[in-house]
Amino acid sequence: MLSHKVVVCLALVCLPIAGLVSASSCQGPALIPGIPGRPGPPGANGQDGVNGLKGERGPPGMSDDVRDAGEKGDPGEDGHPGKVGPKGPGGSKGPPGPPGPRGPKGESGDYKTTLKSAFSASRGVTMIPRRGQPVRFDRVLVNVNRHYENRYGRFTCEMPGLYYFTYHVTSRGNLCVHIKKGKGSRGEKVVGFCDYVHNTFQVTTGGVVLRLAVNESVWLEPTEKNSLIGGTEGADSIFSGFLLFPDA
């Protein structure tokens with residue numbers, strides 16, 4: 001009986017002969033299959049294939065290391081200030097606050113503003129006044145601080161300073177009057193006014209600013225041309241005056 005090696009060798013030799021025989025239509029006896037050879041060494045790794053489709057989501061995992069929470073730690077350091085945000089809407093008006101402290105005392109006022117002197121009087125006497133005598137304006141309209149004496153028709157100064165005096169008198173014919181000032185019954189002429197008409201009603205007016213000292217008087221006095229009337233309805237005669245500026 002042939003050995004295993006001899007059979008293999010014969011099979012290897014007969015294979016090409018069998019091909020030649022087949023090629024020449026010559027068929028010999030069937031050969032006995034040999035023993036399979038040993039596996040060869042592993043081949044090299046092939047190239048990666050194309051990524052497959054995404055699989056379904058799996059169930060949530062379970063934590064194997066669950067521990068109790070520890071004590072709260074100390075606060076950390078403050079971070080850097082953030083950016084300023086947009087301005088918010090205005091709030092509602094709050095309640096009134098408490099009264100503030102009393103302010104300091106103000107400066108003293110000017111005492112001169114408290115000095116007042118003024119008068120205005122009309123003539124109700126129907127008689128023509130005498131020459132060289134003050135004209136009496138007996139109906140007092142205003143007499144602040146009572147510096148005007150309607151009994152004598154004189155204004156007497158008690159507050160030195162600048163005064164303004166004016167008159168409006170009605171006459172029927174020629175009229176000349178003087179504004180006088182002085183102390184006592186005698187005085188000096190300051191200004192004079194005259195108007196000449198014949199048997200006709202007229203209104204004569206005049207005024208002057210005077211500086212007066214204490215106890216100096218001012219009055220209106222007619223001359224020989226005297227047709228001044230008074231006490232006539234619709235034909236009043238008025239004498240007025242007031243303090244402009246008191247002396248310092």
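The values are calculated or read from the model by the stated rules, or taken from the named source; none is laboratory data. Just so it is clear, the structure is predicted and the values come from calculations on it, not from any experiment. Please note: Cβ atoms are built from the backbone with ideal geometry, for glycine as well, and neighbour counts cover all protein chains shown. For accessibility, only protein heavy atoms count, side chains too; no ligands or nucleic acids. Shrake-Rupley method; radii C 1.70, N 1.55, O 1.52, S 1.80 Å.
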Answer residue from the range 221-245, given it is among the β-branched types (Val, Ile, Thr) and part of a strand (DSSP E or B) and is farthest from residue 159 (Cα to Cα) among those: 232
Failed item in (1) over 13 Å from residue 219 (Cβ atoms); (2) open to solvent by less than 60 Å² (accessible area, probe 1.4 Å), with residue 132 passing the rest: (1)
Matching residues, the range 172-220, being of a type in the set (Gly, Ala, Ser), in a loop (DSSP other than H, G, I, E, B) and surrounded by 15 or more Cβ atoms within 10 Å (Cβ to Cβ): 173, 187
Residue among 241, 161 that is more than 21 Å from residue 130 (Cβ to Cβ), surrounded by 13 or more Cβ atoms within 10 Å (Cβ to Cβ), in contact (Cβ under 8 Å) with a residue 24 or more places away in the chain and touching a helix residue (DSSP H, G or I) at 6+ places or on another chain (Cβ under 9 Å): 161
Matching entry among 17, 32 (being modelled with pLDDT of 60 or more and either out of contact with any helix residue (DSSP H, G or I) (no Cβ under 6 Å at 6 or more places or on another chain) or exposed (fewer than 10 other Cβ atoms within 10 Å of the Cβ) (or both)): 32
